[in-house]
Amino acid sequence: MLIELRRGSHILAPGTTTMPLDLQYPTLASKFPLLPARTARTPSMDTHSSTDSNTELAELPISPSGIFWKNDFITAEHEQRLISIFQTELVWPERNGRLSLHYGYTFDYKTFGIDPDIPYKEFPEWLQPLIPMAESRPPDQVCLQYYPPGAGIPPHVDSHRAWDQLYALSLGSPVLMALKKGKKHEKEEQQRVEIDLLPRSMMQLSGEARLHWTHGIAKRKTDTLLDGTVRVRRDRWSITYRWARKGDCECGDVELCDTAQARLGTEKEKRSVLALAAAANKGENENSGADEAQGVSECVR
């Protein structure tokens with residue numbers, strides 16, 4: 001795992017010891033009380049390398065805090081079977097760039113709740129053994145994304161109002177993801193951290209990293225590593241898991257928190273997924289709406 005902290009900070013090199021933590025989060029109840037109860041089906045594909053894999057994510061000893069990590073969440077053989085399913089069995093949207101498929105509920109950008117026009121989609125069989133088990137219940141929304149070489153995703157934070165826990169599993173080609181805090185035009189220097197999202201790695205963003213830093217992947221066909229190596233990007237897939245938030249977010253970050261913005265009356269207008277998709281099909285809002293429609297709530301990674 002490669003992590004680069006730029007502008008006067010330090011570098012955490014591969015092999016650096018991390019701090020294993022026992023992840024114990026309070027029970028999360030859905031923010032949406034009318035959602036039907038769900039239980040995970042018994043998976044038929046092989047599960048992780050050990051039965052305790054889901055509780056073995058360790059926090060990286062860096063700033064920002066709240067980044068939990070596990071290498072080899074699944075085996076290389078399991079990864080190849082998944083990629084084969086993605087390439088031969090799934091029906092993807094017919095457009096260029098980053099593509100998304102969604103399972104479970106879909107977030108409505110207009111109401112900040114579950115989109116009532118898009119029904120719940122059961123988790124497919126291949127997804128069942130990939131669900132993180134550290135939480136008290138299955139995720140409410142899962143996003144599978146395909147990144148062709150050169151594709152990226154703009155810097156963003158997933159909605160504070162709608163979603164709480166956030167996990168991401170990387171498959172296929174590795175890629176550098178940038179976390180940023182602050183704006184370039186501000187007097188205070190922008191903080192930036194790059195994390196190498198290795199294939200088969202599971203990452204959780206929580207706390208400071210989840211709420212107060214943006215994350216994104218630059219649109220380019222190569223990544224330059226710390227040692228100067230230029231690595232060519234190839235096909236990549238990511239699976240992002242989200243849990244609906246119980247209650248309001250109280251982080252108070254008026255730059256990034258939609259709850260704080262709503263209280264101040266400064267929240268940006270949002271549009272439903274269906275409206276964004278319709279706009280994208282008509283060629284409207286090519287730089288924002290279309291990108292948002294492909295990513296729904298900006299699925300990571």
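Residues that are of a type in the set (S, T, N, Q) and open to solvent by 60 Å² or more (accessible area, probe 1.4 Å) within region 78-100 comprise Q80, Q87, T88, N96, listed in sequence order. Among the residues making up region 186-216, none is touching a helix residue (DSSP H, G or I) at 6+ places or on another chain (Cβ under 6 Å) and open to solvent by less than 10 Å² (accessible area, probe 1.4 Å). If you check D258, D248 for being at pLDDT 80 or above, of a type in the set (D, E, K, R) and within 24 Å of H102 (Cβ to Cβ), only one passes: D258. Just so you know, in region 207-224 the residues that are touching a Gly at 6+ places or on another chain (Cβ under 8 Å) and part of a strand (DSSP E or B) include one that is farthest from W243 (Cα to Cα), and it is I217.
Within region 43-77, can you find the residues that are more than 18 Å from the chain's Cα centre (by Cα), closer than 16 Å to P132 by Cα and either open to solvent by less than 30 Å² (accessible area, probe 1.4 Å) or at pLDDT 95 or above (or both)? Selection gives H48, S53, T75. If you go through region 127-182 and keep only what is over 12 Å from the mean Cα position of the chain (by Cα), of a type in the set (F, W, Y) and open to solvent by less than 20 Å² (accessible area, probe 1.4 Å), you end up with just Y147.
In the list D223, D196, D235, which residue meets the criterion of being modelled with pLDDT of 95 or more and over 30 Å from P138 (Cα atoms)?
After applying the criteria, what remains is D223.
The values are calculated or read from the model by the stated rules, or taken from the named source; none is laboratory data. Computed from a predicted structure; not experimentally measured. Counting neighbours? That spans all protein chains shown, and the Cβs are built from the backbone with ideal geometry, glycine included. Surface accessibility is based on the protein's heavy atoms, side chains included, excluding ligands, DNA and RNA. Shrake-Rupley method; radii C 1.70, N 1.55, O 1.52, S 1.80 Å.
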